[in-house]
């Protein structure tokens, strides 16, 4: 939940900062206006839904089962390092997208693109950190597959 919440909330913020880049005006075709409104609906509603579910989840008393398939210390260390790098780079891109892009990115980024990439990096980095925190492949199986694909 934290990774999806952060990614979608940050994407909404980036969208609102750069709303002038989106196709809301009557100068655009109806299909592009509709796509923009769908985009806005998704990125406005998903963070709210994630926050509600996250709060409900945190209120449920849970006793963690014993580790079934522990993640090795080496891999956990790699996950923590990777999470740290991704989150720090993501924050830098989100706060100063053009400047960070000029320093660290292999191609030129617009402010909107830099912030979008920053949102992705923060979300995926958070997922990596959460995997390290859980310490068990059984608990993070679905996340692990998505994480490695990204």
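The values are calculated or read from the model by the stated rules, or taken from the named source; none is laboratory data. Keep in mind it's a predicted model, so treat the numbers as computed, not measured. Here the Cβ positions follow ideal geometry from the backbone for every residue, glycine too, while neighbour counts run over all protein chains shown.
Things to note:
- Residue list for the range 49-72, filter: surrounded by 13 or more Cβ atoms within 10 Å (Cβ to Cβ) and over 22 Å from residue 141 (Cα atoms): 49, 51
- Hey, residue 125 over 14 Å from residue 6 (Cβ atoms), at pLDDT 90 or above, in contact with a helix residue (DSSP H, G or I) (Cβ under 8 Å, 6 or more places away or on another chain) and surrounded by 13 or more Cβ atoms within 10 Å (Cβ to Cβ) or not: no
- Elements of type helices (runs of 4 or more DSSP H) in the range 8-117, at least 1 residues being closer than 29 Å to residue 134 by Cβ: 30-59, 73-95
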